[in-house]
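J.: Handing you this structure, nothing more for now.
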Amino acid sequence: MATTDAGLASDAHEQPGHGHSDHGHGDHDHPSYLAHHFDTPEQQFDSGKLGMWLFLVTEVLFFSGMFCAYAIFRSWRPEVFEGCSQFLNTKLGAINTGVLLFSSFTMAWGVRCAQKEQHKLLTVMLATTLSCATVFLGVKAIEYSHKWHLGLLPAGLFSYDPSNPHPVGGPNYLAYICAPFVLITIGVAIWLVVSFLRGAKFQLECAKPLMVVCLCFFVGVGLGTILESGGDAGHHEDDHAVVASADGVAAEHGEEHSHGEAEEHAEHEAPTAAAVVTLPAAGAMTDDSADLAVLERLASDSTNTGLQDELAARKAQSERSGGGILYDVSDDASATVASAPENVLRPSRAGVFFSIYYCMTGIHAIHILAGIGVMVWLLVRSIRMDFNRNYFGPVDYVGLYWHIVDMIWIYLFPLMYLIR
Amino acid sequence: MSAHENAQEGYDFAHPLPLPLLAGTFLVLTLLTVLTVAQASFNFGSLDVLIVMVIATIKAVLVGAIFMHLAWDKPFNIICFIGSFVFVGLFIMATLFDSRQTAKDSIPVTDDAVVSAPAEL
C-alpha cells in the first residue's frame, strides 16, 4: 500500500513515483500512496470502500445472531426482561450513548479533515474520538464491576440475593478491569518522558495525545462512579428504610395476605413455599412503625406518587420477609418488578437475561477496543501527515467501522436499558 | 466526485461534508436520544418496543446516510448494506415464528428460590 513520504504525497502525482520502476510501470502519474495495481486514487478508494462495506455487512449479520437470541428470549419471557432491566443504570447507558454519538461526530469531522488536508485538526479529531472511546470503556468498567459485585452474573453464575444485595468481601473487580489500563497508561507515560528526554520529536507528538486518551479512561471511571454512587446512595438508604420498617406494613397488610397466598399456592410449588413458610415472621426483627404510619397518611394523597412507590417497595420487602414472595399481592401496576415476581429473578431465568446482556455489550466493547487499536494506528499516520485529498481511505474506512459500532449501540441502549 | 471537471480523472474525488451538516446531525441524534430516554417514563403498553425501535431506526438512518456518507455513496454499497438488514429481518422473523411453533421455553427450571428485585436500583 502506501509508502511513507507523506510530506510530498499531496502533490506526488506530479512527480515520478517511488520504488515502482522495477515493476515495469510507466511510473509517471503514480503517486507514492497509490498501490501499483490501481490506476487512480479514486479506483483505489472505491475498492477499499467496497471491501469495507462487505466487512460491515458481515458485522451486521454477526450481531444479528445476538439480537435474534434477544428477540426469542424476550418473546418467551418479557417479564424477566422487564424485571432484570431495572438493574441496568439508565443514566450510565444514556451518558455512554451521548459519548458514542459525539465520537461519531468527531470521527465524521476527522474524515472531512483528512479530505481537506487539515493535518493538525485531523490529529485532534482522532484523539478526541479515541478519548470518547476510552471514556465509554471507563463507564462500562464501573457498570460491569458493580454488577459482578452484586452477583448479577450470567446464567449458572448468577448469585444475586436481594436480602443481601451488597455482599461484603469478594474480589475488587474494578481493580482487575482497570489494571491493564493502568499498565498501559504507565507505559505511555514512560514513553512520553523518554521521548521528551531524548528529544525524539515525532514520538513525543504521538505520545502526547495517547497520554490524554489513556487518562480519559479514568475520567470515564470517575464519571461512572459519580453517577453510579448517586443512584446507589439512594438505594442504600432505601434498603435500610425498607428493612427497618418491614414490620409495620407486614402487621397491617402483609402477613395475612402473604401467608395466605403462600399457603394457597403451596400445592403448586410445594418445595419453595414450604421453605418460605419456615422463615421468621415479618416484623420479628425491628419495630419502627411510627414513621410508617406518617408515611402512609402522606401517601394517601394520590399526587404523592413518590411516597406511594416507597410504600409499595416496603410492602414488597415485608412480603419477602414474611414469606409471601411467590405471588404478587399488590394491585399497584406501577410496581413493575413486583408485578411479575414468579420468574423474574429465578436465577436460571435472570441469568439468561444477564448472559445476553454481557454477550451483547461485551462483544460491543471488544469492538470498541478493536476500534481503539486501528485509530491509534490512524493517529500515528495522521501525525506523519500520510493523508491527503486523494488518499484518505483509511480514515474513511475506520470511520465507517466506528459508525457501525455506534449504530449497534443505538439499538442496544433502548433494548437493554429502557424496558419497562 | 465527477463534479471536478478540470481535475485529472480519478483524482480529487473527495466529497467533504459541510461542518454545519455534521454538527446538525449530531444535535438531532442527541435530541433523539433524550427523546428515547424521556419516553421510557410513559407507559404506551405494547407500543413500547415499536416506538423505541422507530426512534432507534431514525437515528441509525441518520448515522448511515450522513456520517457514513451513504447518501452520496455508490448505489452498490447502499444495496449491500441495506440488503444485510433485509436478511437480518428475515432471519429474526423466521426464527421467532419457529420458536413460537415449537417450544415455549426451554430454559431449564431448577428449583432455585424465587427472589424479587428491590423496588429501585
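The values are calculated or read from the model by the stated rules, or taken from the named source; none is laboratory data. In this text, all values refer to a predicted model and were calculated from it rather than measured experimentally. Glycine gets a Cβ as well: all are built from the backbone with ideal geometry, and neighbour counts include every protein chain shown. Only protein heavy atoms, including side chains, enter the accessible area calculation; ligands, DNA and RNA are left aside. Shrake-Rupley method; radii C 1.70, N 1.55, O 1.52, S 1.80 Å.
J.: Looking only at region A:366-393, which residues are open to solvent by 10 Å² or more (accessible area, probe 1.4 Å) and part of a helix (DSSP H, G or I)?
T.: Hits for region A:366-393 are A:Ile366, A:His367, A:Leu369, A:Ala370, A:Ile372, A:Gly373, A:Val374, A:Val376, A:Trp377, A:Val380, A:Arg381, A:Ile383.
J.: Given the residues A:Phe63, A:Phe73, which is the only one that is aromatic (Phe, Trp, Tyr), modelled with pLDDT of 95 or more and either surrounded by fewer than 22 Cβ atoms within 10 Å (Cβ to Cβ) or not in a helix (DSSP H, G or I) (or both)?
T.: A:Phe63
J.: A further question on this structure: Out of region B:25-63, which residues are surrounded by 13 or more Cβ atoms within 10 Å (Cβ to Cβ) and not hydrophobic (A, V, I, L, M, F, W, C)?
T.: B:Thr25, B:Thr30, B:Thr33, B:Thr36, B:Gln39, B:Asp48, B:Thr57, B:Lys59
J.: Right, something else. What pairs come up if the first residue lies in region A:390-405 and is at the interface with chain B (Cβ under 8 Å from one of its Cβ atoms), the second is surrounded by 24 or more Cβ atoms within 10 Å (Cβ to Cβ) and among the hydroxyl-bearing types (Ser, Thr, Tyr), and their beta carbons are under 8 Å apart, counting only those six or more places apart or on different chains?
T.: As it stands, the answer is A:Asn390/A:Tyr33; A:His403/A:Ser104, since those pairs meet every condition given.
J.: Of all residues in region A:45-80, which are more than 20 Å from A:Met360 (Cα to Cα), at the interface with chain B (Cβ under 9 Å from one of its Cβ atoms) and of a type outside the set (A, V, I, L, M, F, W, C)?
T.: A:Asp46, A:Lys49
J.: Which is crowded, with 24+ Cβ neighbours inside 10 Å and out of contact with any helix residue (DSSP H, G or I) (no Cβ under 7 Å at 6 or more places or on another chain), of A:Gly151, A:Gly83?
T.: The unique qualifying residue is A:Gly83.
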